[in-house]
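Note sheet for the following structure.
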Amino acid sequence: EEQRNFSHVWFTLSTREGIFFMTSKFLFLWQNGSKQLEVWTSDSSFNAAFACADKLYIRQENNGLMQMEKNALTLVPGGEQFAHEKVYLMVPYQLGASSFKLLIGTRSQGFFLYDGTAAVPFPTEADAYLEKNFLYRGIALSSPSASPGEFALATRLGGLLIMDTRGRVKQIINKTSGLLDD
């Protein structure tokens, strides 16, 4: 009853645990066959949620980057550096038996590579373009027609940018190249 006034659902993510719905104040989990939603409340506000490497990550204002572990949201090691910096992108960068890295994208501080213990700055050719045109979302391209190790980065004002794992700009798809608008 007390969580019914939650405004907009900003993210919906499917994970092994079930379907997560994120609003600015609440994180809801619906599990198949369950008659109840599990609910977590933010003491400030939730800004973004991502499902990467079989884990749910969520960015909470004033706390930083958190992860769902054992039915609780816990701050990831090094996650406090995102306490006052919104995260707009979090995708697998390198996943393997011997290595693990996630690509994290912000608007004002650029990209970071996160290895589970620290987020290290990752300067790219795309930084100035994305800061000017406002990074909004992104995905790792993995379809058979896409080159391995590329990312599609959506912007608010500059269309779509394709970047490789070395941070090189491969293509910009915008109004100039045929989109109806940027």
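The values are calculated or read from the model by the stated rules, or taken from the named source; none is laboratory data. These numbers were taken from a predicted model, which means no experiment stands behind them. Counting neighbours? That spans all protein chains shown, and the Cβs are built from the backbone with ideal geometry, glycine included. Just the protein is used for accessible areas: all its heavy atoms, side chains included, with ligands, DNA and RNA removed. Shrake-Rupley method; radii C 1.70, N 1.55, O 1.52, S 1.80 Å.
Largest accessible area first, the residues 1, 125, 150 order themselves as 1, 125, 150 under a 1.4 Å probe with ligands, DNA and RNA left out. About its Cα centre, region 35-96 has a charge dipole of approximately 160 debye under the convention of +1 per Lys or Arg Cβ and -1 per Asp or Glu Cβ, with nothing else charged. The trypsin sites (Lys or Arg not before Pro) of region 38-103 that meet both conditions, a loop assignment by DSSP and at most 12 other Cβ atoms within 10 Å of the site Cβ, are 70. The residue 36 and residue 115 beta-carbon pair, evaluated with R₀ = 41 Å, returns a calculated FRET efficiency of approximately 0.70. Computed with a 1.4 Å probe on the full set of protein chains, the accessible area for residue 8 sits at about 110 Å². Computed on region 2-101, with alpha-carbon pairs under 8 angstrom and 6+ residues apart, the relative contact order is 16 percent. Label-to-label distance for residue 139 and residue 69 is 3.0 nm, based on points extended 7 Å past Cα in the beta-carbon direction. Return the FRET efficiency for the residue pair residue 177, residue 157: r is the Cβ-Cβ distance, R0 is 22 Å, and the value is rounded to the nearest 0.05. Efficiency, rounded to the nearest 0.05: 0.90.
Basic side chains Lys and Arg get +1 at the Cβ, acidic Asp and Glu get -1 at the Cβ, and with that the dipole of the chain about its Cα centre reaches some 300 debye. Dipole orientation for the chain: of the candidates 110, 179, 57, 179 has the Cα lying most toward the positive pole (charges on Cβ; Lys, Arg +1; Asp, Glu -1). Rounded to the nearest 500, the helix-only mean residue ellipticity at 222 nm of the chain stands at -1000 deg cm²/dmol, with each DSSP H run of n ≥ 4 adding -39,500 (n - 2.57). When a 1.4 Å probe is rolled over the protein heavy atoms, the share of accessible surface on the chain that falls to carbon and sulfur comes to 51 percent. For a Förster distance of 45 Å, can you work out the FRET efficiency between the beta-carbons of residue 7 and residue 99, rounded to the nearest 0.05? Computed FRET efficiency for residue 7 and residue 99 comes out at 0.70.
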